[in-house]
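The values are calculated or read from the model by the stated rules, or taken from the named source; none is laboratory data. Nothing here was measured: the structure is a model prediction, and the numbers come from that model. Cβ placement follows ideal geometry from the backbone for every residue including glycine, while neighbour counts extend to all protein chains displayed. Note: areas computed on protein heavy atoms with side chains; ligands, DNA, RNA excluded. Shrake-Rupley method; radii C 1.70, N 1.55, O 1.52, S 1.80 Å.
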Amino acid sequence: MSTLLNRRLALLDSEANRPLLAKGLRGIERETLRVHADGKLALTPHPPALGSALTNPQITTDYSESLLEFITPAEPDIATALEELDNIHRFAYTVMGNEMLWHQSMPCTLPEEKDIPIAWYGNSHIGMIKHVYRRGLALRYGKSMQCIAGIHYNYSLSEDLWKVLQQAEQTPGTSKYVQSENYIALIRNFHRYSWLLMYLFGASPALSTPFLGGRPHQLETLSDDTLYLPYATSLRMSDLGYQNNAQAGLVPPYNTLLEYMRSLSLAVRQPYPDYEKMGTRQDGEWVQINTNVLQIENEFYATIRPKRVIKTGERPVEALCARGVQYIEVRCMDVNPFDPLGISLETSRFLDAFLLFCALDDSPLTNRVEGQENVDNFALTVKQGRRPGLMLARQGQAISLQDWSRELLEKITPVAALLDAQRGDDSHARTLQVQREKLQNPELTPSAKVLAAIRAANNSFTQFALQQSKLLADEFRAHPPAADQLALYTRMAEQSLAEQATMESSQTGSFDQFIHDYRSRTSSEICCDTFNEASLIQRVTL
């Protein structure tokens, strides 16, 4: 264990500081396709009973009109967030009729690209720009890739905890600046070790053959309708899934928030020849916001992001420039088809221990060489993670995935013990033991269990996925929400529809002018490449 990690654990393991561990926030965003009972994509509009996809804070859509996104409030205990996610599921099943949720990361058999509906958010300028952005995604990457679902895990530590560390370590700078750079240090460590999450929790070793649409691949055939890799953990996170090779190197390994903001700021302003050929309008309609490398910052695909809650009309980079990093968003978690919510409390407790370890452990500055090593380790694990004897690279030296995993779990053990001491239970220690057992027996990993279940379903991904989705749908329908919960979500849906109607009736000006103003701000106001550390410190204290 590093000296820094030891010191920080000792500092936090005191009567005065231990309560700070309970004051961070956790939240979950869960994506899921709406499908019919036969497993085919539901091409129906977003159900009005779920409210407005534009303004409902907990039930919206992601890329497609058929791709729901359930969002929990941020809670001090992830168990509370999971209870809220469960309530959202039960409400959705109460009002969705015969449609059900596809309980996999990789999509069902999709219709032709032209028939996959792009998410619609109404006629307000804000709603239309969200729709146009998604039209741009369709042009740039195709619609099928945008139908992949995942779990996003939002995580923060108490601002007071960061202040305690700053005071003890006498770190110069404002508290907001130090907090931001500590989150960036967490992200550096996450990039070093996130392959471990893919081994332990990856759950997409196979996919439906039509998904690739004839694209070249190196997958093996399991059956007429199923492709797979025998030792894969997460094809979703491979170059066949929710990745974009055109963005490779777009945001190089970064050591400061400034470097991250500069990279994104440049990408949303830099023209891209292939996108320029497409243009922003076709047949008189907007088809993408601009022809730059990124239309907006969120187009950048990343396994983890530094985040800040944005104000109305504010862009993500603007928020980070103004007020620093508030939390991080982990984006690499697959939907576990055996967990009713796609993620379990046990998995969430491990994520808390893993992320706290990444935050507290020494995090040396990184560079392009290490960045490529991290990318290669991740890529090997998602495609071959369960292969016996798989070797990764650590600082240029070969090390087996198994040995490195055991070392990491040992380092996380005292972090889990601290979290358990704060809670007064052993939930984090217990989840660590479950993960150790996965190392001893790879057949206990979700990816191996999924593959075994597919084999039992006539080697068909679609048959297994449909069976599992129906099973969970029946469970949710058999336990509808309590009357007060039903009333709460119904009222939230109704209020969101009213809010959208008000937005549409009260807006002024043309959409052309709105999108022009939006693009003008992209090219000038969020330019970060002239910031220096001193100006950043000043900005994040405003």
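Go through the residues of the stretch 266-286 one by one and say whether even a single one is of a type in the set (G, A, S), in a loop (DSSP other than H, G, I, E, B) and under 21 Å from the mean Cα position of the chain (by Cα). Looking through the stretch 266-286, none of the residues is of a type in the set (G, A, S), in a loop (DSSP other than H, G, I, E, B) and under 21 Å from the mean Cα position of the chain (by Cα).
Only one of D376, D420 is free of Cβ contacts under 8 Å to residues at least 40 places away in the same chain, open to solvent by less than 40 Å² (accessible area, probe 1.4 Å) and assigned to a helix (DSSP H, G or I); which?
D420
Check the stretch 306-319 and report whether any residue there is assigned to a helix (DSSP H, G or I) and under 30 Å from L418 (Cα atoms).
no
Looking across the stretch 57-73, not a single residue is open to solvent by 10 Å² or more (accessible area, probe 1.4 Å) and small (G, A, S).
Restricting the stretch 443-452 to residues that are of a type outside the set (V, I, T) and in contact (Cβ under 8 Å) with a residue 60 or more places away in the chain, which is farthest from L101 (Cα to Cα)? Among those that are of a type outside the set (V, I, T) and in contact (Cβ under 8 Å) with a residue 60 or more places away in the chain, it is A448. Among the residues making up the stretch 87-108, those that are open to solvent by 10 Å² or more (accessible area, probe 1.4 Å) and in a helix (DSSP H, G or I) are N87, R90, Y93, T94, V95.
Residue pairs whose Cβ atoms lie under 7 Å apart, separated by 6 or more positions or on different chains, with the first residue in the stretch 134-158 and farther than 15 Å from S66 by Cβ and the second in a helix (DSSP H, G or I), are L139/M278; R140/Y275; G142/E113; G150/R236; Y153/L351; Y155/L355; L157/A359; S158/L20.
Would you say Q384 is open to solvent by 30 Å² or more (accessible area, probe 1.4 Å) and either closer than 24 Å to Y177 by Cα or without any contact (Cβ under 8 Å) to a residue 60 or more places away in the chain (or both)? Here the answer is no, as Q384 does not meet what is asked. Entry remark, the stretch 458-487: residues being part of a helix (DSSP H, G or I), in contact (Cβ under 8 Å) with a residue 12 or more places away in the chain and open to solvent by less than 70 Å² (accessible area, probe 1.4 Å) number 12 in total.
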